[in-house]
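Have a look at the structure below before the remarks.
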Amino acid sequence: MDPMDEIRQTFFLECEDLLQALMEGLAAIEGGDEDPETVNAIFRAVHSIKGGAGAFSLDELVKFAHTFETVLDEVRADRMELTPALMSVFFRSADQLSDLVEAASVGDSVDTERMNAIMLELDALIDSDGSDAGEVEFEAIPLDFSMDFGDVEDDLPAPGGDSWTISFKPHATIFERGNDPVLLLRALAELGETEVTCNTDALPDLADIDTAQSCLSWDITLKGETVSEDDIREIFEFVEGDCDLTISFGAAADALPEIDLPPLGAPDEGEEPGWELATPSPDADEPAAIPDLPELPEPAAAEAAPAETEKSSGASPARAESSRAGPTATVRVELDRVDRLINLIGELVINQSMLAQAVSNSGVPQDSPLMDGLDEFKRLTRAIQEGVMAIRAQPVKPLFQRMSRIVREAAAATGKSVRLVTEGEGTEVDKTVIERLSDPLTHMIRNAVDHGLEQTADRAAAGKSEEGTVHLTASHRSGRVIIEIADDGAGINRTRVREIAVEKGLIDPDAALSEAEIDNLLFMPGFSTAKNVSNLSGRGVGMDVVKKAIQSLGGRVTLSSTPGKGTTFTISLPLTLAILDGMLVRVADQTKVVPLTDVVETLKLNPSQVHGLSNADRGIMVRGEFVPLVDVACELGYRPPLDKLSHHVVVLTETEGGSRTAFIVDQILDQRQVVIKGLEENYHSVPGIAAATILGNGEIALILDVAALATGRNRLSDVIRAA
């Protein structure tokens, strides 16, 4: 790959982090965060994107980001108040900035009409504040180049009692991370009157210059009694690990400790006399202006909303120590490499199972050293598998942040006032699950805004807040990921749903349906309650697509609704699509796997506990509760219904909705970790079967879809309650 292409790719990867920091900051402010550093973090994110875009001549992106950051700078300087209307503009601007970054990364065009409309809004805000929305120009002072082979220190002004003396020598890494020393010097000049001298002792001859190395350093004298060391260190906050920095104050310099931060890279060796780059001393009434240079992208790590450092006049060493700690080191790896590693781990698990099976069949005693070593091998295999799975696991926070935009756009399209409340953003899910969950979640969020929430006038008439609320939560429960989308709307109008189903011929007019069965009509193909076709709904492509998408992930979706209070959709997903813990059972001479997360307990089947119900259906009494009884072998077509139920075992399962089902199996064989092999890509979808796996003896075992097998018996719940 061309080096410039690699740099460009790195820039767009960093843009993802910057955009995430931008959305986090806006969400924090909307939630009531009044910390000025939050605004600074938002500004830095936009500024860094603009700087990097300028390096790659992405003119549209630069133009929009510049206008956006100009308004942010007005807020940062307390010249503009953060109002709900302004926050709305900021959110739309952040969405547009994200679109521009995405378009630039793939070489697509953007909706210039929408972009220009938002820019007009931003320009109007600037104009109303009396500021200039044009290009920012900095006054440049001429540079004086002169030969100097003497001691640079002879030219330094003696620090006075009210002056700070700052020694700043950048390392090569400061440029690799996209920082510019001139911008730092310009920021120092804004604190007060400065005298800057550039040290060129390490500058080699022109023919020997290595542009990847840092050869210059600066000595700065900053005057100002009101300037604190914290003010100065805040300017160098993001580069302290990439430079040698010493700060001392006037006559008290000997009494104060000087902090020399350790360099990350090796220092330049050897010093040769060279050119001196010096700036003339500014007039007493006019602070020095630093020459303007092209902006470069700042490092993503530095832009991610840094925590505010506790200020203390006598805690410089501790402050420097905390700065050295820095953020957690990370490394970017192509997803294909991780996928290949996971596949190898899957093969390792299968081979470990085969080895265990072979040793067991050989008759080796359980207390032998070989079995002890095999058990240790099993533990290590599982530890490796869990570690590799953790690499793929990612928090759902970026996905939830994208849903904020969906809510804003849906609210604007429907004319409703809607607020999104998210919880459990740190819940980690397999990256593949997150990527494939985006489309169904988007549809469900739009559905909640369009169908779930009432219009403002209707909410007011019902005594509700005019602003509707959509709750989006994620959590881990019983080894699965549970995502809920809940609204505080009017709930499902079951009478209307039934009428539409009859009109479309989906059900018989005389069909006796429970509330749950009426609710599940929403998942039928072609079903829609929308009266008119719009950008959001009415085309008959709805919750059936969502259900299929969730099922393709090995998950399931359920809903519950209370009239007048709202509707909740619950999505249950596996933590990973690669490996699961399962219970091996024997069903009519076939080995099947029941996901362990669905199993509540196992029982020895007692015929006296079984009760016959209508239509040859049966239920079992478990601790005073009737539970539908399902013969797995019969359901899968392996044999006719059992006449005698003795000598069989019951596996009691429970779904996320709380409904229980008892499955009849012939025998429980083992409990082990199995590698999931999808059926759809290798064969086709099979009702009642979620996936397949390869056992240690080479046998292929099917993994049961507990929810699908139980669905056909859910209607028994009404019969059981009636009994």
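Worth pointing out:
- Of the set (1) modelled with pLDDT under 85; (2) crowded, with 20+ Cβ neighbours inside 10 Å; (3) within 20 Å of Glu24 (Cα to Cα), all apply to Val470 but (1).
Condition check ((1) at pLDDT below 90; (2) part of a helix (DSSP H, G or I); (3) of a type outside the set (S, T, N, Q); (4) over 27 Å from Pro395 (Cβ atoms)) across all residues:
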| residue | (1), (2), (3), (4) |
| --- | --- |
| Met4 | yes, yes, yes, yes |
| Ala21 | yes, yes, yes, no |
| Ala28 | yes, yes, yes, no |
| Asn40 | yes, yes, no, no |
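- Total residues in region 574-613, condition touching a strand residue (DSSP E or B) at 6+ places or on another chain (Cβ under 7 Å) and part of a strand (DSSP E or B): 24
- In region 28-75, the residues that are over 25 Å from Ala124 (Cβ atoms) and among the basic types (Lys, Arg): none
Yes/no matrix, rows are residues, columns are (1) under 26 Å from the mean Cα position of the chain (by Cα); (2) modelled with pLDDT under 80; (3) under 15 Å from Gln673 (Cβ atoms):
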site: Lys311; (1), (2), (3): no, yes, no
site: Arg324; (1), (2), (3): no, yes, no
site: Asp336; (1), (2), (3): yes, yes, no
site: Leu341; (1), (2), (3): yes, no, no
site: Asn351; (1), (2), (3): no, no, yes
site: Leu355; (1), (2), (3): no, no, yes
site: Ala358; (1), (2), (3): no, no, no
site: Asp367; (1), (2), (3): no, no, no
site: Leu374; (1), (2), (3): no, no, yes
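- Matching residues in region 578-619 - criterion: being buried (at least 20 other Cβ atoms within 10 Å of the Cβ), at pLDDT below 85 and closer than 22 Å to Ile700 by Cβ: Ala578, Ile579, Leu580, Asp598
- Number of the condition not met by Val686 [criteria: (1) in contact (Cβ under 8 Å) with a residue 24 or more places away in the chain; (2) among the hydrophobic types (A, V, I, L, M, F, W, C); (3) within 26 Å of Gly698 (Cα to Cα)]: (1)
- Odd one out for Asp33, checked against (1) in a helix (DSSP H, G or I); (2) without any contact (Cβ under 8 Å) to a residue 60 or more places away in the chain; (3) not hydroxyl-bearing (Ser, Thr, Tyr): (1)
- Options Leu26, Leu18, Leu58, Leu13: the member that is loosely packed, with under 15 Cβ neighbours inside 10 Å and among the aliphatic types (A, V, I, L, M): Leu13
- Thr568 part of a helix (DSSP H, G or I), touching a Ser or Thr at 6+ places or on another chain (Cβ under 8 Å) and surrounded by 15 or more Cβ atoms within 10 Å (Cβ to Cβ): no
- Residues of region 105-121 that are part of a loop (DSSP other than H, G, I, E, B), small (Gly, Ala, Ser) and surrounded by 13 or more Cβ atoms within 10 Å (Cβ to Cβ): none at all.
- Here Pro84 does not qualify as farther than 24 Å from Ala21 by Cα and at pLDDT below 90.
- Within region 179-193, being farther than 17 Å from Asp244 by Cα and assigned to a loop (DSSP other than H, G, I, E, B) holds for Glu190, Leu191, Gly192, Glu193.
- Residue match in region 82-98 (condition: part of a loop (DSSP other than H, G, I, E, B), at negative phi and of a type in the set (A, V, I, L, M)): yes
- Region 631-645, subset part of a loop (DSSP other than H, G, I, E, B) and in contact with a helix residue (DSSP H, G or I) (Cβ under 9 Å, 6 or more places away or on another chain), residue surrounded by the fewest Cβ atoms within 10 Å (Cβ to Cβ): Lys644
- With respect to the conditions (1) surrounded by 17 or more Cβ atoms within 10 Å (Cβ to Cβ); (2) at pLDDT 85 or above, Thr246 falls short on a single one, namely (1).
- Scanning region 422-436 for residues that are of a type in the set (S, T, N, Q) and either more than 17 Å from Val338 (Cα to Cα) or not assigned by TED's automatic domain parsing to the domain that holds His476 (or both) yields a total of 2.
- Against the list (1) buried (at least 16 other Cβ atoms within 10 Å of the Cβ); (2) under 30 Å from Gly554 (Cβ atoms); (3) of a type in the set (Asp, Glu), the condition Asp439 fails is (1).
- Hey, Asp210 under 26 Å from Ala77 (Cβ atoms), at pLDDT below 80 and not β-branched (Val, Ile, Thr) or not: no
- Filter result for Arg408 (in the same structural domain as Glu467 (by TED's automatic domain parsing), assigned to a strand (DSSP E or B) and under 30 Å from Val89 (Cα atoms)): no
- Within region 660-684, being surrounded by 19 or more Cβ atoms within 10 Å (Cβ to Cβ) and outside any strand (DSSP E or B) holds for one residue alone: Ile676.
- Condition check for Glu102: within 27 Å of Val333 (Cα to Cα), outside the structural domain of Phe400 (by TED's automatic domain parsing) and in a helix (DSSP H, G or I): yes
- Residue that is on the phi > 0 side of the Ramachandran plot and aliphatic (A, V, I, L, M), where the choices are Ala690, Ala588: Ala588
- Matching residues, region 195-229, being touching a helix residue (DSSP H, G or I) at 6+ places or on another chain (Cβ under 8 Å) and part of a helix (DSSP H, G or I): Glu229
The values are calculated or read from the model by the stated rules, or taken from the named source; none is laboratory data. These figures come from a predicted structure and were not determined experimentally. Because the Cβ atoms are built from the backbone with ideal geometry, glycine has one as well, and the counts that use them run over all protein chains shown.
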